[in-house]
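This report refers to the structure that appears directly beneath it.
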Amino acid sequence: MYDLIIIGSGPAGLSAAVYGRRAGLELLVIEEKPMSGGQVLNTYEVDNYLGLPGMNGFDMGMKFREHADMAGASFKTASVTEICDAPDAKTVRTADGTAYEARALILATGAEHKLLGAPGEEEYKGRGVSYCATCDGAFFRGKDVAVVGGGDVAVEDAIYLARMCNKVRLIHRRDSLRAAKGLQDKLTACENVEILWNKTVQDIHGAGALEGVTLLDTAGQASEELPVDGLFIAVGMHPNTEAFRNVVPCDASGYVIAGEDCATRTEGIFAAGDVRTKQVRQIITAVADGACAVASVERYLTAKR
C-alpha cells in the first residue's frame, strides 16, 4: 500500500514525484512509455521556461526525471487500464494484470494535440510544424506563418503571431469561424492576417525544414501552393482520460474537472497538468500543478489519519 500513486511522468507527474518524496510520502510513478518527460521530449527548443531559455526539450525532460530519481521516486512502466475507488484505498490496474494500491492518486496523464493527418506532418514536427504558438512563435519573428483551425485557440494563436510575424494566414475548412465574436473582431483588426476560407492542408513539405503546404479548396477541389516558414496546428486537444472517466467527473471535452488545488470531485483523487480543466497548458503550469496536487494530497492524508 503506497501513500500516493502518480499516473503519468510528464512535467506534472515528475514535479509531484519530487514534492511527494520531499514530503516523505511512499509513492510510485506509473508511466506508460519507457522514457519520462511527456510532450516536452518532442519539443526541439523550450524558450519560455523561467531561467532556462533555449533549452532542448529532450534535455529538459531528462533533467526533470533525474531530479525525481534523486528524490528517491520509484517508477513502473505500464499501461493503466482502470482505476477503482474505495474509501480506504485506490486501486490502479495495468495491462499486464498487476494491481497497485494507494491511499491517494494523482492523475497526470496529460493531453495530446489532435493531428491533421496530412503527409509530412510527422516529418516536420519541430522543424516548422508546431502545436503551440506561445511556445514557438518567437522562432518565427518576421517570417510568414500559417495557422490551421477555426476555434478560439486557432484565432488566439493567429492574433498572437500577428504581433511578431510578417504575415499570418489562418486556414479554415469552413466559411465561418467557431471562435468567440470578440476574438474574431480582434483578428480582423490585424492588418497582416489573411483568412483562407474553405481550405484544407493536403501536404506539408520542405527540404530539411518546412517550406510550404499544399492547400485543397473544399468547394472547387482546386489545389494551390502556400509558401510558409511555420505551420501552427490548432485543431484541438485530446486528454488522456479514457482509463478513469468512470471514476472522476470530466467536462464535455474529456478533461478532469479540478480547480487550482487539483482536487477532483472524487475524494482522494487529484489531477495535475494538461489533463485537468485549466486556462493555460504550459510546462511551467504543469510543474506548478504537481506541487499544488501534493499539497492537497498531504492535507487529505492528514485528515484521514
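The values are calculated or read from the model by the stated rules, or taken from the named source; none is laboratory data. Keep in mind the model is a prediction, meaning the values are calculated, not measured. For neighbour counting, all protein chains shown are included, and Cβ atoms are generated from backbone atoms with ideal geometry for every residue, glycine included.
If the requirement is being under 26 Å from Thr81 (Cα atoms), in contact (Cβ under 8 Å) with a residue 24 or more places away in the chain, small (Gly, Ala, Ser) and out of contact with any strand residue (DSSP E or B) (no Cβ under 8 Å at 6 or more places or on another chain), which of these qualifies: Ser36, Ser15, Ser9? So that I can check it myself, show each step before the final result.
Values: Ser36 fails: out of contact with any strand residue (DSSP E or B) (no Cβ under 8 Å at 6 or more places or on another chain); Ser9 fails: out of contact with any strand residue (DSSP E or B) (no Cβ under 8 Å at 6 or more places or on another chain).
The match here is Ser15.
Taking the range 217-244 as the search range and keeping residues that are of a type outside the set (Gly, Ala, Ser) and under 17 Å from Ala272 (Cβ atoms), which one is surrounded by the most Cβ atoms within 10 Å (Cβ to Cβ)?
Here is the first cut: in the range 217-244, the ones of a type outside the set (Gly, Ala, Ser) are 217-218, 221, 224-229, 231-233, 235, 237-242, 244.
Remaining after also requiring under 17 Å from Ala272 (Cβ atoms): 237, 239-241, 244.
Values: Met237: 17, Pro239: 22, Asn240: 20, Thr241: 22, Phe244: 26.
The extreme case among them is Phe244.
Any chance you could count how many residues in the range 37-55 are assigned to a loop (DSSP other than H, G, I, E, B), in contact with a Cys (Cβ under 8 Å, 6 or more places away or on another chain) and among the hydrophobic types (A, V, I, L, M, F, W, C)? Even if it seems obvious, please write down each step before you answer.
Here is the first cut: in the range 37-55, the ones assigned to a loop (DSSP other than H, G, I, E, B) are 37, 43-45, 47-54.
After this cut, where a residue has to be in contact with a Cys (Cβ under 8 Å, 6 or more places away or on another chain) as well, the list is 43, 47-48.
Next, from what is left, pick out any that are among the hydrophobic types (A, V, I, L, M, F, W, C): none.
Residues meeting the conditions: 0.
Quick one: would you say Thr218 is modelled with pLDDT under 95, farther than 15 Å from Ala158 by Cα and of a type in the set (Ser, Thr, Tyr)?
Working: modelled with pLDDT under 95: yes; farther than 15 Å from Ala158 by Cα: yes; of a type in the set (Ser, Thr, Tyr): yes.
In short, yes.
Mind listing just one residue for me: the one in the range 89-146 that is among the aliphatic types (A, V, I, L, M) and either assigned to a loop (DSSP other than H, G, I, E, B) or in contact with a Cys (Cβ under 6 Å, 6 or more places away or on another chain) (or both) and, of those, nearest to Ser9 (Cα to Cα)?
Looking only at the range 89-146, we keep the residues that are among the aliphatic types (A, V, I, L, M), and these are 89, 92, 95, 99, 102, 104-108, 111, 115-116, 118, 129, 133, 138, 145-146.
Checking which are either assigned to a loop (DSSP other than H, G, I, E, B) or in contact with a Cys (Cβ under 6 Å, 6 or more places away or on another chain) (or both) leaves us with 89, 95, 108, 115-116, 118, 145.
Working: Ala89: 22, Ala95: 17, Ala108: 7, Leu115: 22, Leu116: 26, Ala118: 29, Val145: 32 Å.
Checked the range 89-146; the qualifying residue nearest to Ser9 (Cα to Cα) is Ala108.
I'd like the residue in the range 103-128 that is surrounded by fewer than 24 Cβ atoms within 10 Å (Cβ to Cβ) and of a type in the set (A, V, I, L, M, F, W, C) and, out of all such residues, is nearest to Val275 (Cα to Cα).
Residue satisfying both the conditions and the ranking: Ala111.
Which count do you get for residues in the range 195-241 that are within 29 Å of Gly38 (Cβ to Cβ) and aromatic (Phe, Trp, Tyr)?
1
State the number of residues belonging to the range 18-36 that are in a helix (DSSP H, G or I), of a type outside the set (D, E, K, R) and either touching a Leu at 6+ places or on another chain (Cβ under 7 Å) or on the phi > 0 side of the Ramachandran plot (or both).
Taking the range 18-36 as the starting set, the residues that turn out to be in a helix (DSSP H, G or I) are 18-22.
Now narrow it down to the ones that are of a type outside the set (D, E, K, R): 18-20.
Now drop any that are not either touching a Leu at 6+ places or on another chain (Cβ under 7 Å) or on the phi > 0 side of the Ramachandran plot (or both), which leaves 20.
Residues that pass the stated criteria total 1.
When you go through (1) closer than 25 Å to Ala102 by Cβ; (2) touching a strand residue (DSSP E or B) at 6+ places or on another chain (Cβ under 6 Å); (3) among the polar types (S, T, N, Q) one by one for Thr302, which number turns out not to apply?
Only one criterion is unmet by Thr302, namely (2).
Can you find a residue that is over 18 Å from Met237 (Cα atoms), crowded, with 22+ Cβ neighbours inside 10 Å and not basic (Lys, Arg) anywhere in the range 143-158?
Taking the range 143-158 first, the residues over 18 Å from Met237 (Cα atoms) are 143-146.
Narrowing further to those that are crowded, with 22+ Cβ neighbours inside 10 Å: 145-146.
Restricting the remaining residues to those that are not basic (Lys, Arg) gives 145-146.
Yes, because at least one residue in the range 143-158 is over 18 Å from Met237 (Cα atoms), crowded, with 22+ Cβ neighbours inside 10 Å and not basic (Lys, Arg).
Taking Gln184 and the conditions (1) closer than 18 Å to Gly150 by Cβ; (2) in a strand (DSSP E or B); (3) among the polar types (S, T, N, Q), which numbered condition does it fall short on, given that it satisfies the others?
For Gln184, the failing item is (2).
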